[in-house]
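We did not get these values from a lab; they are worked out from the coordinates using the rules stated. Treat the numbers as computed from the prediction; the structure is a model and nothing was measured.
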């Protein structure tokens, strides 16, 4: 796979993992995945294959009492609303290869969405005469608490990267070898709000330091040009100087490198963010996505323009941006406390 770029390798891996699930499902399921290929990402289809595997495992074991691959469209046509409702209840806790899996409201909603897409395909292609899944209501989704770093916590996190005094001697020794990279990663997250998959996929030729700009590959494969501050540029340039001293394969174009001298993994980035965030804000569970939330909130505070925030973050629907980044925070509430006057000034 060396001749494939990061996104092509990721796409191929998703396809291979999906293929493993499809081998465990009835043959007519393959036609569904072929039909949706041009309108979905490989990650979406992979998730669908996992969700359908759970569904077919359930109906094979508790309803039809036969192997998953032996289930027919006529069997699906005989399902009742109660069967799907019981499946949704089953999803709360279920045995998944001798390990208990759990689904809360969002996990159940995703699996129901996968079933809806699948049953809609079967119904539209006259493979079933009744779409029982369409009668099931989506679980009520409660708003997630928006967790982000405040400005003093951002400073603490950056200081922790630069001077990790709370680490053990072994951790400090390790951090010496990764300081420039870790500082560039944290600074880029906080300064541009990119997603973790977007950061991991960056190459050195993605950047133009004359314009302080870089090209990022968004969800779905579209590309956008984003801009960064001089502060971010300085952190990136410092890392590139260190990167140039590493014994790398000349074909390695990844911007961020692991200690194994290859493209850093998503898991490694998640771990380094968690490590420094625990020092800055030990009571908050800070992930790379929470750093994205921090950037979005700070950008909205400065610009008061939700459309700019949506564009920079790569949101297709501005309502999503409003929901997650335009929440009125404590300092904004305080700032408007004296705007309204109950009496005219000349009444005093």
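Please find, in a Gaussian network model of the chain (springs between Cα atoms separated by less than 10 Å), the residue of 188, 141, 12 whose mean-square fluctuation is greatest.
The residue that fluctuates most here is 141.
The list (1) 23.6; (2) 22.9; (3) 20.4 gives values of Kirkwood radius over Cα pairs in Å, and only one came from this structure; which label was calculated from it?
Given (1) 23.6; (2) 22.9; (3) 20.4, the structure-derived one carries the label (1).
Normalise the Debye intensity by I(0) for the range 1-125, one equal point scatterer per Cα, no solvent, then take log10 at q = 0.11 Å⁻¹ and round to two decimals.
Debye curve over Cα of the range 1-125, log10 I(q)/I(0) at q = 0.11 Å⁻¹: -0.40.
Hey, what did the range 151-327 get for relative contact order, percent, Cα under 8 Å, at least 6 apart?
25 percent
Could you work out which residue, out of 92, 206, 41, moves most in a Gaussian network model of the chain, that is, has the largest mean-square fluctuation with Cα springs under 10 Å?
Maximum among the listed residues: 92.
So what is the relative contact order of the chain, in percent, for Cα pairs below 8 Å that sit 6 or more residues apart?
This gives 13 percent for the chain.
Comparing 275, 320, 98, which has the greatest mean-square fluctuation in the GNM of the chain with Cα pairs linked when under 10 Å apart?
Result: 98 has the largest fluctuation of those listed.
Considering just Cα atoms, how many Å³ per residue does the convex hull of the range 151-327 enclose?
Here the figure is 122 Å³ per residue.
If you find the alpha carbon centre of the range 30-49 and of the range 87-165, how far apart are they in angstrom?
A separation of 18 Å, based on Cα centres.
Mind jotting down the distance between the C-alpha centroids of the range 285-315 and the range 187-243, whole Å?
Measuring centre to centre over Cα atoms gives 16 Å.
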